[in-house]
Amino acid sequence: MVEKIQKMKPNMKETPDFKRIYTDLLDKKFPDKKSKCQKILSKTTLSTLDIIRLNENIFGQKDKETLVFNQQHRSYCEQSIIEILEYQKKNNYNNTQIALKFKLSRNSVAKWKKKYLQIEL
């Protein structure tokens, strides 16, 4: 069954092309904000944190209810998790401070540190 699916869709990407999506969005609906987002869009690949920053730059901060709903549906790739943990180490933040900064759970940060910092040792 899996082989049939792979044969049917051999050129499928694992993730959407967010760079193209946000570029089109800025061109069509928010041309005034394009210069503000150009630095992030100039990267070859966008991380999860880049996408979150783009979304905040374009649409601004939402109300608390929307933030809570959106936070429940976020997922972070390994690259983004490592970037968050490096940011924590660089700025000498504890788990609570980094969780507040990136709107995460303290438990998530602790699990990430346990998993990814052991890899580096």
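The values are calculated or read from the model by the stated rules, or taken from the named source; none is laboratory data. Computed from a prediction, not measured in an experiment: that's the story for all the values here. Cβ sites come from the backbone with ideal geometry, for glycine too, and all protein chains shown count toward neighbours. When the accessible area is computed, the model is the full protein with side chains, heavy atoms only, and any ligands, DNA or RNA have been set aside. Shrake-Rupley method; radii C 1.70, N 1.55, O 1.52, S 1.80 Å.
Output the peptides 88-96, 57-65 sorted from most to least packed, where packing is the average of other Cβ atoms within 10 Å over each peptide's residues.
88-96, 57-65
Suppose R0 equals 25 Å; then what is the FRET efficiency for PHE69 and PHE30 from their Cβ-Cβ distance, rounded to the nearest 0.05? If you can, show how the numbers build up before the last one.
Working: r = 22 Å, r/R0 = 0.89.
Using R0 = 25 Å, I get an efficiency of 0.65.
For THR45, THR66, what's the largest-to-smallest order of accessible area, 1.4 Å probe?
Highest to lowest solvent-accessible surface, that is THR45, THR66.
I'd like the Karplus ³J(HN,Hα) series for the stretch 43-58: coefficients 6.51, -1.76, 1.60, θ = phi - 60°, whole numbers in Hz, and an x wherever there's a Gly or Pro.
3J(HN,Hα) across the stretch 43-58, in whole Hz: 5, 6, 10, 9, 7, 4, 5, 4, 5, 5, 5, 4, 4, 5, 5, 7.
Using a 1.4 angstrom probe on the protein heavy atoms only, line up SER105, SER47 by accessible area, largest first.
Values: SER105 50, SER47 5 Å².
From most exposed to least exposed: SER105, SER47.
Arranged from highest to lowest average of other beta-carbon atoms within 10 Å per residue, in what order do the peptides 107-117, 27-37 appear?
107-117, 27-37
Out of the total accessible area of the stretch 41-115 (probe 1.4 Å, heavy atoms of protein only), what percent is carbon and sulfur?
Its accessible area is 49 percent carbon and sulfur atoms.
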